[in-house]
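Chemist: Here's a structure for you.
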Amino acid sequence: MAEKPPVVLTIAGFDPSSGAGVTADIKTIAAHGCYGVACITAMTVQSPHVVLDPILKSSSGADLLDAAGTRVLIERLIPLADVITPNVDEASVLTGLKVTDLDEMRAAAAKLHKMGSVAVVVTGGHLDKAIDLLSFDTGHGVEQEVFKAERQRSNSTHGTGCAFATALACHLALDRGIAEATLLAKTYVTAAIAAGHPLGQSLSLYLSISISISDVCPRVSSAGFQPQTMPSPPEAIRSSTSGSPGTPPDSTLCRKD
């Protein structure tokens, strides 16, 4: 288990450019080996996100968005997003379908496409086996990939959905394809859960600053550090309705020789 870092609180405004404000503070805190927590004093909006993580409930089960907000999300935000990343519970709320296994994840993804989403990642971290489904429209049909990984025996799962969506956005910003970006994001989160540790009196927190993508996937970057505990990379399986089976993403990116 990783050593717990000191906790530093920043009280600042939000600058979406991250050149200043709370996000710049969090980066500075992390660069100094501490864990940043924040209290935001002001919000500004300058540009939209590409990846939409529809957070409808907290990890403890508390509702975070009311019915009116959910309607706005469905009618206005989903069609604007390049990728939407609901977990199985959120996919169920958004589509009105039961989503408890892979077949039902496929059905939910199909309905989300009809609702205007170009690409969907339904995350199954709540299931017995950690299965994620990527479904995306190529312009010639819908292709799907299933990413499977062993479920981590850890309570350090707070914020994993946020971290997955952010990691996915980072890889898309680096011009990686949607399938490869999903694989790398899932691998990062899987490894971060394994490296997580409790923070505070009762919250077992997923600690994203404890590793970097180069620690998990050495072929992605040249950094040499390798954590002592590293789960196996997810398995990727592709299916297609476009008439071509396609090629799964290169999972060897995240294997250590």
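Bear in mind that the values in this text are calculations on the coordinates, not laboratory data. These numbers come from a predicted model, not from an experiment. Ideal geometry is used to build each Cβ from the backbone, glycine not excepted, and the neighbour counts take in all protein chains shown.
Chemist: Could you calculate the contour length gain from PHE14 to HIS140, that is, 0.36 nm times the residue separation minus the distance between their Cα atoms, to one decimal place in nm? Walk me through the intermediate numbers first.
Modeler: On the way: separation 126, 0.36 × 126 = 45.36 nm, distance 4.05 nm.
Stretched fully, the PHE14-HIS140 segment lengthens by 41.3 nm.
Chemist: Checking the a/c ratio against 1.5 first, then a/b against b/c, what shape does the Cα gyration tensor give for the stretch 100-180? Before the final figure, lay out the partial values.
Modeler: Values: a/c = 2.05, a/b = 1.28, b/c = 1.60.
Cα axes put the stretch 100-180 in the oblate bin.
Chemist: Once you place label points 7 Å from the Cα toward the Cβ at LYS27 and SER58, how far apart are they in nm?
Modeler: 2.9
Chemist: Here is a further query. Given H placed on each backbone N at 1.01 Å, which residues far from GLY124 in sequence or on other chains put an amide H within less than 5 Å of it?
Modeler: Under 5 Å from the amide H of GLY124: ILE131, ASP132, LEU133.
Chemist: Same structure again: Can you sort ILE26, ILE84 so the residue with the fewest Cβ neighbours within 10 Å comes first? All intermediate terms of the calculation are to be shown ahead of the outcome.
Modeler: Working: ILE26 20, ILE84 29.
Ascending Cβ contact count within 10 Å gives the list ILE26, ILE84.
Chemist: Efficiency by 1/(1 + (r/R0)^6): what FRET value for ARG71 and HIS49, r their Cβ-Cβ distance, R0 = 22 Å, to the nearest 0.05? Don't jump to the answer; show the numbers that get you there.
Modeler: Working: r = 19 Å, r/R0 = 0.88.
After rounding, the FRET efficiency stands at 0.70.
Chemist: Continuing with the same structure: Which order do the peptides 128-135, 168-175 come out in when sorted by mean C-beta neighbours inside 10 angstrom, highest first? Present the calculation step by step, with values, prior to reporting the outcome.
Modeler: Values: 128-135: 20.4, 168-175: 17.0.
Packing order, densest peptide first, comes out as 128-135, 168-175.
Chemist: Let me ask another. Whose amide H sits under 5 Å from the amide H of TYR35, counting only residues 5 or more places off or on another chain, with H placed in the peptide plane?
Modeler: It is VAL7, VAL8, by chain and number.
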